[in-house]
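J.: Before we start, here is the structure in question, set down as structure tokens.
The values are calculated or read from the model by the stated rules, or taken from the named source; none is laboratory data. Note that the coordinates shown come from a computational prediction; the quantities given were computed from them, not determined experimentally. Note that each Cβ is placed from the backbone with ideal geometry, even for glycine, and that neighbours are counted across all protein chains shown. For the accessible areas, the whole protein counts, side chains as well, though only heavy atoms, and no ligand, DNA or RNA atoms are used. Shrake-Rupley method; radii C 1.70, N 1.55, O 1.52, S 1.80 Å.
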Amino acid sequence: MSRIGRMPITIPAGVELNLDDDNHVQVKGPRGQLSRSFHPRVIFEREGDTIHVKRQSEAKMDKSLHGLSRTLLNNMVVGVTDGFEKQLEIVWGGHRAQLEGQTLTLQLG
């Protein structure tokens with residue numbers, strides 16, 4: 001089983017998640033609403049406030065859809081709760097970054 005696909009998705013408080021029979025998922029939260037239709041070979045099982053993503057068989061296509069579908073659904077839940085966030089990591093020495101209000105100043109050697 002996929003290591004990514006078998007991790008459960010926890011639905012935080014304040015988030016509504018609707019699963020239809022035809023694998024159409026709608027997620028509503030404080031930051032908006034997202035919806036998506038998933039491949040019919042992916043199975044979603046809801047247990048309280050967690051969602052488990054399953055696959056129908058061990059076929060190569062099912063294995064690839066398993067982890068992808070879990071990641072997409074998790075990103076939908078994160079998107080309606082926290083929103084999009086981009087982090088910058090400066091690895092090399094001799095570089096400096098400074099945030100002044102809305103302006104990011106980079107000094108790159």
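J.: I need the full set of residues from segment 78-109 which are part of a strand (DSSP E or B) and open to solvent by less than 70 Å² (accessible area, probe 1.4 Å), in order please. Don't jump to the end; show me each part of the working.
T.: The first filter runs over segment 78-109 and keeps only residues part of a strand (DSSP E or B), leaving 95-100, 103-108.
Within segment 78-109, His95, Ala97, Thr105 meet the criteria.
J.: Related question: I'm checking my understanding of the structure. Among residues of segment 11-30 that are exposed (fewer than 14 other Cβ atoms within 10 Å of the Cβ) and free of Cβ contacts under 8 Å to residues at least 60 places away in the same chain, which one is farthest from Asp62 (Cα to Cα)?
T.: Within segment 11-30, the subset exposed (fewer than 14 other Cβ atoms within 10 Å of the Cβ) is 12-14, 16, 18, 20-22, 24, 30.
Next, only the ones that are free of Cβ contacts under 8 Å to residues at least 60 places away in the same chain stay: 13, 16, 18, 20-22, 24, 30.
Working: Ala13: 31, Glu16: 27, Asn18: 23, Asp20: 20, Asp21: 18, Asp22: 17, His24: 18, Pro30: 33 Å.
Here the residue is Pro30.
J.: To continue, here is another question. State yes or no: is His39 surrounded by fewer than 16 Cβ atoms within 10 Å (Cβ to Cβ), part of a loop (DSSP other than H, G, I, E, B) and in contact (Cβ under 8 Å) with a residue 12 or more places away in the chain?
T.: Numbers: surrounded by fewer than 16 Cβ atoms within 10 Å (Cβ to Cβ): yes; part of a loop (DSSP other than H, G, I, E, B): yes; in contact (Cβ under 8 Å) with a residue 12 or more places away in the chain: yes.
Yes; evaluated as a whole, the condition is true for this residue.
J.: So Ser2 ticks every box in (1) surrounded by 11 or more Cβ atoms within 10 Å (Cβ to Cβ); (2) among the small types (Gly, Ala, Ser); (3) at pLDDT 90 or above but one. Which box is left unticked?
T.: So Ser2 meets the others, but not (3).
J.: Going through segment 50-77 one residue at a time, which ones are out of contact with any strand residue (DSSP E or B) (no Cβ under 8 Å at 6 or more places or on another chain) and either under 23 Å from Gln33 (Cβ atoms) or open to solvent by less than 60 Å² (accessible area, probe 1.4 Å) (or both)?
T.: Going through segment 50-77, the residues out of contact with any strand residue (DSSP E or B) (no Cβ under 8 Å at 6 or more places or on another chain) turn out to be 57-61, 64, 67-68, 71, 75.
Result: Ser57, Ala59, Gly67, Leu68, Thr71, Asn75.
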